[in-house]
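Trainee: Pasting a structure below so you can have a look.
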Amino acid sequence: MEYAYTEVDGQEGILLSGRFTYDDSPKFHAMLADWDVAARPDVHLDLRYLTFLDSTAIGMLFILANRCRDAKGQVVIHNAQPYLVQTLRRVALDQYVTFR
């Protein structure tokens, strides 16, 4: 997985690309450490270039969603491929994030 801080639909956000797997856990947690959820509780993720995610990656998205909720914010997922949206809905992540 690669990531970049960028504008997502007019908001500060994060672009994720490639394959998001167990091996990306250190990188994902470093990204979370850089993003101050207390100051910016709404996290806009652009997933247009994300091609795959495994169960560990789904768990990391739950972690992010819970941190945002605790800070009175939310995760908003933008531009995800339909098969990724379907996968995330199957595991009930749609109860924790908003898809756009």
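A short reminder: the numbers here are calculations on the coordinates, not readings from a lab. Every value quoted in this text rests on a predicted model; they were computed, and no experiment measured them. Don't worry about glycine lacking a Cβ; one is built from the backbone with ideal geometry, like all the others, and counts go over all protein chains shown.
Trainee: Can you give me the span-like helices of the chain, meaning DSSP H runs with 18 Å or more of Cα extent along the axis and Kyte-Doolittle mean at or above -0.5? Let's see the in-between values first.
Mentor: Working: long enough: 55-70 (23 Å, 0.59).
Both cut-offs are met by 55-70.
Trainee: Excluding Ala33 itself, what net charge comes from residues whose Cβ is under 12 Å from its Cβ, given Lys and Arg +1 and Asp and Glu -1?
Mentor: Its environment carries a net charge of 0.
Trainee: Let me ask something additional. Give me the base-10 log of I(q)/I(0) for the range 58-100 at each q in 0.18, 0.28, 0.29 Å⁻¹, Debye formula, one uniform scatterer per Cα, rounded to two decimals.
Mentor: Listed by q, the Debye log ratios stand at -0.46, -1.02, -1.08.
Trainee: Which of Thr21, Thr6, Val85 sits closest to the plus end of the dipole of the range 2-99, meaning its Cα is farthest towards the positive end, when Lys and Arg get +1 and Asp and Glu get -1 on the C-beta?
Mentor: Of the listed residues, the answer is Val85.
Trainee: Something else: Viscosity 0.692 mPa s, temperature 37 °C: what is the translational diffusion coefficient of the chain from Stokes-Einstein with a Kirkwood Rh over Cα pairs, rounded to a whole number of µm²/s?
Mentor: The estimated diffusion coefficient comes to 248 µm²/s.
Trainee: At 222 nm, what value in deg cm²/dmol follows for the chain if DSSP H runs of at least 4 each add -39500 (n - 2.57) and the sum is divided by all its residues, to the nearest 500?
Mentor: About -11000 deg cm²/dmol.
Trainee: Something else: Quick one: net charge around Leu15, please, counting Lys, Arg +1 and Asp, Glu -1 for every other residue with C-beta under 11 Å from its C-beta. Walk me through the numbers on the way to the answer.
Mentor: Working: positive: Arg48; negative: Glu2, Glu7, Asp46.
My count for the surroundings of Leu15 gives -2.
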